[in-house]
Each structure stands twice: as structure tokens, then as C-alpha cells.
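Structure first, then comments.
The values are calculated or read from the model by the stated rules, or taken from the named source; none is laboratory data. All values derive from a computational prediction rather than experimental measurement. Neighbour counts are summed over all protein chains in view; Cβ atoms, including those assigned to glycine, are modelled from backbone coordinates with ideal geometry.
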């Protein structure tokens, strides 16, 4: 992108010459004789470089540099000085200036020092951003967290208006992360993303309300898995440096997606093994557990009749433990044998209301607020498996409610996209959130943070959403809460065929 240079000198002739030279070198130049005007300009725009005259009144170049650094700490500054004040210029360098230029200017010296200043700034900035994304990738391993970091770093590094990371899922491009301002046209970004995926290299396209759209494909072993797309400000053309940066950040995003694919492959193998084991588990444990439950309850009744309260309480504990083991076996069996969907017309909003009511009845925490914000444009009914979805959403809503302290809030939201026939259900709580380590294992088999949990609830929920051709994702921040997003591609029931909700 075109780099912006701020020039401040109280000599009008020098200011004019510098503005002409820098413009000819391809820079976007802001030239002024007034220090306060220069400071005001930094409130509305960011600069890549500043050239400041050392001797100015009432604010000299060093004081102006220090004020600029309060606003833009990494802004490289070249101090302009006459030969007789070089010692003062050296002092300016010691106080934060990148270098100094002597008047009258030598063309090659001007170009060389500006080039070094910009290269040093870019190296430090890009190294910092790439390091931040790399640390997120190494420490988190959560794809959504990594893609968010990539989008944010891309905007900060390229100084684009916005960045969107698209992922290809079942032939559709879905926005998985974004940073900057909302895009004026989603179709334009998707078109650019698909074109870059087809070409396999970063590609530039003309923008609609912006300077340009640049898209870089996310390349994994299977081929393009999505694209990283930015939009530049008006009248700004991307440079080769920007394309290189975009390729670097897209490779980071591709690593996150590739890791997720690998985990999915490993998880599929685990599911297959669990499926083979499930029948044997059911055969070996279900019948004995049913017998133990019967014996424990019979023993409890006999001890109660004889007046042995302590013995009856112990028998009751045995019965409760057997019930818990039976529930674990049932969940393992259900997870090892994913059910076939039995689709029928379902009023999803009514199903969500039912799940909220069931989950609320199990919670003893007082003072919890529950909000339901349903999209009125969503189809009244759709072809879904109510039994399986009820199981998934009940688990997700119950998890959110269990994380809340008194005064906490749970919000269930739906959003309908008619063009893609996608209904998004969002369940968001204001609980304690989860650290990255927990978040990265949330779908692992038998992983749980609950004393009485089986570690299968989230895996079953995702399995149900997957069977419906959807996607389940979880976003969480410690101390702020958790947001679970279920995207379902649904087939609305025509109104003439609508009946009673299942």
C-alpha cells in the first residue's frame, strides 16, 4: 500500500521541495509548517515515516517527535538539520529519532535513509505480528482463536480497512474470522476468495468502495481450504510487500486448518474404535448394571422397613452410583453408533424454548437471567430430527446455565440467512469462560471439567449438528464467558405442508 509520510518544516521553500521529491518517490505526503497541525493529523491517520525540522518555533523537532511518539510509538522519525547543528541532531537520535538528514539534501542520501527507516520499521512490525500469531498457534491450538489472531494481525500489519478469513466447508465459503470495519459487499469478498483459490496465489482485484481487494488462498494438503481477504483504503494500491505479508499470514491460517483436519482424522479413528467397542460394552455392562440397580433398591426398601436409616441411605448411594454408570454406558453406546436421522417438520424455536425450560428446571442457582432473541424471518418449520437436536441443544444450554453465578445471563439467539438457507443458533453465557487448554479439548472423548460429567456431551452435540450437515464452534474467554455457535443448513417446510411441530 502507498506509504504515508509526514513532513514538518517552518521553511516554506524546503517544505515545497520535499513534498515534490517525496511525491515523485511514490509517497502520500502530508506537508505542514505548523507542529499542532501535524499532531492533529495523527489523530485521524497513521503515518509510516516523519521528517521533522530540528529548529522550529514554538515547538522544535525533538519536542514534536516526542509528542508524535506518544501517539504512534513506532513511527520512525528523520530529523532535518543544518551542518552546524549535527551534534544536536545526534542527541535527537539518542532520544528516539531513527536518523538525521543534513541540509541541503542530497538526493541519494534522502532516498537511502528513508528506505532504511521504512525497512527497519516493517521488519520490526512484521516480526512482532508474526511472532504473536505463531505464539497463539503454538499455545492455543484452537482454530478459531488462531484465525482471529491472523485477521487482527493482518489488519494491523497491512493497515487494511478490513480482513476476513474464509473457510471452505461443503462447497460453501464461510467467514470464520474478521477484523476491521464491516465489509460493504460480502459477495465481492467471496468472489475474490474463490478466484484466489482457483489461481493458488495472492491475487488483487478492484474494490467497490475501497482501493482494492487482495485475496490469498489457504493451502493445505487437500488443496485450497479457504482464503484470507483484505480490502485496502480508497486510492491505495497494494505493494509486493503486502502480497508477501498476506501469503505469510495465510500460511499461518492454513496451518491452523490443517491441524484441525488432522485432529478430525484422529478423532474419526477413535470414533470407529469406540463404535466397535460399544456393542461389547452394552452386552457386558448393561444387564449386570440393571441387576445391581434392582438389588440396591430392594435392599434400600428392606432396610427402610427394619428402621435402619443409615443402611438405607448407603443403599440409596449405591443405587445412585449404578444409575450414573448406566448413563455413562448409554452415552458411550449412543456415541459409538451415530443414529440415523428421522427428519420431520420441526418448529425449531419451539424446540429451543422446550430445551431452555428443561435445562432451567435442573439449575438451582438463583438470579439467572435468560434471554431469547429469535429471528422473525426464520422459517416456522424445517425438516429436522427433533429428538436428536433436542439432545444436542439441551446439553449446550445446560452447560451455559451451569457456568453462571447468581446475576449471570444466558442468551439464545437465532439468525436466518435466506440466500444460503442457513440458520445460526447462538448460545452465549456470561460465565467464567474457559482457558485455551480446556477449549482445545472440549470435543475430546471423555474429557470433562464436571465432577459428575461423562465427557461425551459436547462430542455428542457436535455429532448431531454434523449429521444435520451443520457446524458447531465454541468461542470462550476466561472471565468473559462462552459463545457456542451452531450453523444448520435447513430445508424449510412449505407453508401448505406445515403441520404440528414435532
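If you take the residues in the stretch 445-464 that are more than 20 Å from residue 323 (Cα to Cα) and either assigned to a helix (DSSP H, G or I) or outside the structural domain of residue 348 (by TED's automatic domain parsing) (or both), which one is modelled with the lowest pLDDT? Taking the candidates together, the pick is 459. Within the stretch 391-444, being in contact with a helix residue (DSSP H, G or I) (Cβ under 6 Å, 6 or more places away or on another chain) and assigned to a helix (DSSP H, G or I) holds for 392, 393, 394, 395, 396, 397, 398, 401. Out of curiosity, is residue 409 in contact with a strand residue (DSSP E or B) (Cβ under 7 Å, 6 or more places away or on another chain) and surrounded by fewer than 20 Cβ atoms within 10 Å (Cβ to Cβ)? Against the criterion (in contact with a strand residue (DSSP E or B) (Cβ under 7 Å, 6 or more places away or on another chain) and surrounded by fewer than 20 Cβ atoms within 10 Å (Cβ to Cβ)), residue 409 qualifies. Among the residues of the stretch 277-288, the ones that are surrounded by 11 or more Cβ atoms within 10 Å (Cβ to Cβ) and either at pLDDT 85 or above or under 23 Å from residue 460 (Cα atoms) (or both) come to 8 in all.
Would you pick out the residues in the stretch 47-65 that are out of contact with any strand residue (DSSP E or B) (no Cβ under 6 Å at 6 or more places or on another chain) and surrounded by 14 or more Cβ atoms within 10 Å (Cβ to Cβ)? Let's see the steps before the verdict.
Initial filter on the stretch 47-65 (out of contact with any strand residue (DSSP E or B) (no Cβ under 6 Å at 6 or more places or on another chain)): 55-60, 62-63.
Those that are out of contact with any strand residue (DSSP E or B) (no Cβ under 6 Å at 6 or more places or on another chain) and surrounded by 14 or more Cβ atoms within 10 Å (Cβ to Cβ): 55, 56, 59, 60, 62.
Of all residues in the stretch 361-379, those being within 25 Å of residue 468 (Cα to Cα) and touching a strand residue (DSSP E or B) at 6+ places or on another chain (Cβ under 8 Å) number 7.
With respect to (1) under 25 Å from residue 442 (Cβ atoms); (2) at pLDDT 90 or above, the lone exception for residue 374 is condition (1).
Scanning the stretch 232-244 for residues that are part of a helix (DSSP H, G or I), modelled with pLDDT of 70 or more and out of contact with any strand residue (DSSP E or B) (no Cβ under 8 Å at 6 or more places or on another chain) gives a single hit, 244. The combined condition, being at pLDDT 75 or above, surrounded by fewer than 20 Cβ atoms within 10 Å (Cβ to Cβ) and not in a helix (DSSP H, G or I), is not fulfilled by residue 217.
Taking every residue in the stretch 365-377 that is without any contact (Cβ under 8 Å) to a residue 60 or more places away in the chain and at positive phi and pairing it with any residue that is assigned to a loop (DSSP other than H, G, I, E, B) and surrounded by fewer than 13 Cβ atoms within 10 Å (Cβ to Cβ), at least 6 positions away or on another chain, the pairs with Cβ-Cβ distances below 9 Å are 367/405; 367/406; 367/407. Residues of the stretch 180-191 that are in contact (Cβ under 8 Å) with a residue 24 or more places away in the chain and either over 21 Å from the mean Cα position of the chain (by Cα) or exposed (fewer than 15 other Cβ atoms within 10 Å of the Cβ) (or both): 184, 185, 188.
Criterion applied to 146, 150 was being farther than 25 Å from residue 29 by Cα and modelled with pLDDT of 75 or more, and the one residue passing it is 150.
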